[in-house]
Structure formats: structure tokens, C-alpha cells
1. Find the Cα radius of gyration of the range 30-85, compare it with 2.2 N^0.38 Å by division, and give the number to two decimals.
2. If I take R0 = 45 Å and measure r between the Cβ atoms of residue 41 and residue 177 in this structure, what FRET efficiency does the formula 1/(1 + (r/R0)^6) give, to the nearest 0.05?
3. Among 202, 110, 49, which comes first, second and so on when ranked by fewest other beta-carbon atoms within 10 Å?
4. Would you mind ranking 18, 181, 253 so that the residue whose beta carbon has the fewest other beta carbons within 10 Å leads the list?
5. Using C-alpha positions alone, give me the convex hull volume of the range 55-98 per residue in cubic angstrom.
6. Share of Cα-Cα pairs in the range 30-123 beyond 17 Å, in percent?
7. Under a plain spin-label model, where a point goes 7 Å from the Cα along Cα-to-Cβ, how far apart in nm are residue 73 and residue 241?
8. Among 141, 121, 35, 57, rank each residue by its count of other Cβ atoms within 10 Å, from fewest to most, as a rough exposure measure.
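Where a number appears in this text, it was derived from the coordinates with a stated rule and is not lab data. None of these values were measured; they are calculated from a predicted model. Cβ: placed from backbone, ideal geometry, glycine included. Neighbour counts: every protein chain shown.
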């Protein structure tokens, strides 16, 4: 479903109404994630599933293996494969993580702060965080340590990691398999000023897909075959290009600008520069 808005007031009205029901469960604002995109035509697709500049596909295992080796002095302090993956994502590696936020105004900023001639959009959906970070840790460990080209099948390796999340719980193996076929909502540790400032979180693309022959790894080709916007089950709010600059100014009035979204020094200075100009007097 798509709704079009022209100002922050209309946008907030949409947000207030987006308590999303699924079956008999009511999801309130605390269960909603958002993502702002400056171009409404962009596919909702994690970077690992996109083509490279020369139209080739990325090799996830090789990317993570090389990133780990080259950055070991920076990442060796954490044993968490998920935290390492989040760090790689933060610094630009192509991963299966997809940035989202729990703050709708942050998402709106991203929707209006680029591509001035294109309509922007905010997509939103609900999440249920049962087991997700634990399962995401298993997924991160698998994709970081296992070359899928020589594996005997997905469950061969996955079953070895079930103990990582059981912790005395009687985990339903069928539900576990189902979760590996769904996008996972991941709430990261707030050890990055940018993640904290953006109320950041992630969607992790599914590891597996169910086929008639059984479970198999979800490939980039399969993801691109209709597993983009509809795959995440997201709703969207459209911001027409003509309204972007006015909404950007409205956001600035309530403290949402480049320096608040990106709290690094270079972005703070860029924001200062843009806010400290004066109009030259007319010579005539």
C-alpha cells in the first residue's frame, strides 16, 4: 500500500496510523521499522544481492574472509560474527544487512535529502524480535566461515550451531528453519555514534529458501526474482520531488539535519557551513 504526503504534518498522521496488525497481533510504534530512500524506484535490496559496477555478482564468503583478514587489528576484540558484520557494513562492505531505523523522522530525512528530481519514499513494516539476534549471529557465523560452493547442504552445517541459541530452551526446529527463510530484524549494540544518532537497526536477508526439493541457500538471482519490496512485506509513504526541499527545511527546524544524523566531525562542519551563509547586498 502506498500513501503520498507533502509535509511533515501529513507524514506524522501516517505514522500515527501505522500500527500494523498481523492476524490477532497488534504491533505498536515500538515494533515498527522505517527506511528512507531518496529515489522511490530503487529496489529494496541488500548490497550483497546487487550487481557490481562491471555487472558481476559479489562472492559473500570471499568478501567477508578478505575483510576479516585485512581489518583483523580493528575487529579482533569482539568474538561476535554479527558485530563484525555490522562493522563491515558500517564501513562500506557489501553485506546482506539492510539499514533501517526505529525513528520515522530519521527515515524521512534520508527520503528527502538526495535525488532532488526523483520522488522519495519511506518504507515501513513490523518486526517480532523473538530469537532474531541469536539466529542472526548463527547466520553471520555461517556466511563468515563457510564456502557454500563446497558444502554438502545447508542443514549439514546449520545443525552444528543450534546449541548456540538453545541455552536450555526447547527450540522448535521447524520454527528455526522458518526463521532462516525470513528477513531477520537485528537490533545492534549501540557502540557507534552514528547507529545511536540514527536509532539504527538492520534487516538481515534470509539465508535459506524452501524449494520442492527442500531447503537451499537463497541466491542473489532468486532474491532478484520478485524477492525485493514484496519480500519484506513493507508499506510505503511517497514524498514527491517538488516537496523535498521544503520538508528538509521543516526537519532542520526540529533538529534533524546532517550533523544530527551523521555525528562525525566532517558532517558537523558541513552542516555548520550550510547554516552560516549570508546573502550578499544588491549592488543596484
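1. 1.52
2. Calculated value: 0.85.
3. Numbers: 202 26, 110 20, 49 23.
The fewest-first ordering by Cβ neighbours comes to 110, 49, 202.
4. Working: 18 19, 181 13, 253 9.
With the fewest neighbours first, 18, 181, 253 line up as 253, 181, 18.
5. Per-residue hull volume (Cα only) is 79 Å³.
6. 61
7. Roughly 4.6 nm, to one decimal.
8. Ordered from fewest to most neighbouring Cβ atoms within 10 Å, 141, 121, 35, 57 come out as 57, 141, 35, 121.
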